[in-house]
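A.B. asks: Sharing a structure with you now.
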Amino acid sequence: MTSERTDAAEIGAALLRLRRTTGLPVAFGGLIEAGGRQVRIQQLSGTSTASLRALVVSLGNGLGGKALARSHPCAVTDYRSSRQISHEYDEPVRVEGLRSVLAVPIVVRRRVRGVLYGALRAAQPLGDRTLGAAVAAARDVEQALVVRDEARALLASAEPRTGDEGARAAAWEQVREAHGALRALAPRIGDPVLRAELLAACGLLAGAPGAAATKTPAASAPVALTPREVDVLTCVASGVTNAVAGERLGLRPETVKAYLRSAMRKLGAATRLEAVVEARRAGLLP
């Protein structure tokens with residue numbers, strides 16, 4: 001999945017969470033485009049028209065632009081008559097029939113990355129509980145972006161550099177350590193969307209071009225391992241025992257052993273080390 005499609009899917013999932021947790025019937029949002037001064041509304045949820053689709057919101061303009069400029073949630077009881085905001089976007093808001101609107105910025109490491117909106121078609125105050133639930137939805141997106149940014153930074157650090165093989169090898173070990181940490185963390189994440197985002201970042205690390213030297217040039221039928229088999233192999237690759245792997249993954253040592261045997265059988269490996277090597281060749285591990 002491309003970065004743009006992944007971003008759209010993440011925003012879409014956050015909007016569904018926002019509607020579910022706040023009870024607001026309408027939600028929409030997007031991320032900042034290249035250049036860092038505008039947000040294009042990428043996803044709509046609960047809307048009845050297309051008036052807001054692809055709307056470009058500039059920093060400082062309207063409710064969302066105000067939230068972006070201040071890096072702080074903002075809300076108005078009646079959008080069209082509010083004196084707290086500028087009114088560049090009144091027409092699409094009117095066409096959709098929105099009155100009470102909130103906007104929550106998505107902020108990653110003090111940098112604004114996007115905005116989520118929630119809205120009612122009636123002019124009534126949006127309380128602290130509603131605003132808090134909307135902020136929580138934005139925090140989920142922020143966490144997912146942090147994970148993705150970290151994965152990309154690690155991959156960039158592991159790219160080949162002429163005459164610097166030692167540094168590249170050390171960077172690639174960092175990639176593998178990060179992959180192992182994320183695989184161990186993912187099962188503990190209750191939110192299915194955030195968990196899927198973590199696993200997607202793991203896949204990005206495992207499929208990195210920097211691992212090309214360990215992959216089979218012309219692989220035969222792809223090996224299908226279960227997520228838990230990959231988790232166990234990730235721990236094995238870091239050199240830990242079955243008992244330590246079990247502690248990391250919340251499994252009994254006997255269960256770890258069973259997953260490992262199953263993975264070895266699928267990979268055609270006779271030893272733990274051979275299983276790790278084959279998994280790397282198959283692009284399942286970095």
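Derivation of every value follows stated rules applied to the coordinates shown; laboratory data play no part. Please read all numbers here as calculations on a predicted model, not as lab measurements. Using ideal geometry, Cβ is built from the backbone for each residue, glycine included, and neighbour counts are taken over all protein chains shown.
A.B. asks: Quick check: net charge around Ser71, other residues with Cβ under 10 Å of its Cβ, Lys/Arg +1 and Asp/Glu -1?
C.D. replies: Overall, the nearby charge balance is +3.
A.B. asks: Within 10 Å of each residue's Cβ, count the other Cβ atoms and sort Ser45, Ser51 from fewest upward.
C.D. replies: With the fewest neighbours first, Ser45, Ser51 line up as Ser51, Ser45.
A.B. asks: Give me the three principal axis extents of segment 1-142 from the C-alpha atoms, as integers in angstrom, largest value leading.
C.D. replies: The Cα atoms of segment 1-142 stretch 39, 29, 29 Å along their principal axes.
A.B. asks: Another question about this same structure. Can you pull the one-decimal nm distance between simple spin-label points at Ala224 and Arg129, each 7 Å off the Cα toward Cβ?
C.D. replies: Computed distance between label sites Ala224 and Arg129 equals 4.6 nm.
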